[in-house]
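Take a look at the structure below.
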Ligand code: DX5
Ligand code: ZN
């Protein structure tokens, strides 16, 4: 699906389940569980062992996921020199690509490059990176990602102070009159989803809260969305 044909519904709260918390030996099962569950996109965490200590998916996995589902694939690149790889990830089937400000000295060029590849573009900031680092590119991105944990692993606790930056990013988006989405990623669950939305987030990434739910991923996703105050999906 090309970015031009993926138009998230304005004003809605979106859930982006992170496959990082799924059983990597059964990604097909994870995708099947999420289809039709209210998940509007799949969040795919790419790690290179350099920007973050961990390794995860690469282009081959993205290609395999692309064959499995029509759900939009939103890639979160936790890799150095992302500009060298965005073309490969777009060709593998990404619908959206988010890169980190901390490793993108030419962030404006990189997000523009992502849009030219017909993908939605995102820019992410770590907990220690000021919200203002996004100000100059907000008009060239579709998604501003505020990390609510230090990236690298799932299953961590949300760092409350990061929600102040969600407020700052949302305020700046409104000041500039933009449609940019604000996404929170890390430690998001039913206990804090409402706080994330109240701070200004409209896309909630959730890994553990979805995949570790006792009644399965669909129920886990619904619990997060319900706690966030989202309308239940149309049946
Ligand atoms: C971590 C990733 C997150 C992760 C979130 O670096 O960017 O997307 O999957 O997982 P939970 O929801 O378990 O914190
Ligand atoms: Zn992520």
Residues within the range 119-140 that are touching a residue at least 24 places away in the same chain (Cβ under 8 Å) and over 18 Å from residue 44 (Cα atoms), tallied: 13
Residue hits (the range 159-176; closer than 14 Å to residue 129 by Cα, in a helix (DSSP H, G or I) and more than 15 Å from ligand 1 (Cβ to nearest atom)) are 164, 165, 166, 168, 169
Checking the structure you have, find out if any residue of the range 140-147 is over 14 Å from the mean Cα position of the chain (by Cα), over 19 Å from residue 15 (Cα atoms) and not in a loop (DSSP other than H, G, I, E, B). yes
If residue 179 satisfies all but one of (1) free of Cβ contacts under 8 Å to residues at least 40 places away in the same chain; (2) more than 13 Å from ligand 1 (Cβ to nearest atom), what's the number of the condition it fails? (1)
With the condition being buried (at least 20 other Cβ atoms within 10 Å of the Cβ), in contact with a helix residue (DSSP H, G or I) (Cβ under 7 Å, 6 or more places away or on another chain) and touching a residue at least 40 places away in the same chain (Cβ under 8 Å), I'd like the helices (runs of 4 or more DSSP H) fully within the range 1-96 carrying at least 3 qualifying residues. 27-34
For the range 52-62, does any single residue satisfy the condition of being more than 16 Å from ligand 1 (Cβ to nearest atom) and at pLDDT 95 or above? yes
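Filter the range 165-178 down to the residues that are touching a helix residue (DSSP H, G or I) at 6+ places or on another chain (Cβ under 8 Å) and surrounded by fewer than 12 Cβ atoms within 10 Å (Cβ to Cβ) and list them by number.
Hit for the range 165-178 is 176, nothing else.
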Residue list for the range 141-155, filter: more than 12 Å from ligand 2 (Cβ to nearest atom) and free of Cβ contacts under 8 Å to residues at least 40 places away in the same chain: 141, 144
Report the residue count in the range 179-202 for those that are in a strand (DSSP E or B) and either more than 15 Å from residue 39 (Cβ to Cβ) or away from ligand 2 (no atom under 11 Å from the Cβ) (or both). 3
Among the candidates 154, 122, residue that is within 14 Å of residue 78 (Cα to Cα) and assigned to a strand (DSSP E or B): 122
Got a number for residues in the range 10-48 being at pLDDT below 95 and more than 19 Å from residue 93 (Cα to Cα)? 6
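The values are calculated or read from the model by the stated rules, or taken from the named source; none is laboratory data. Here the structure is a predicted model, which is why all the values come from computation and not from measurement. No Cβ is skipped: glycine too gets one built from the backbone with ideal geometry, and neighbour counts run over all protein chains shown.
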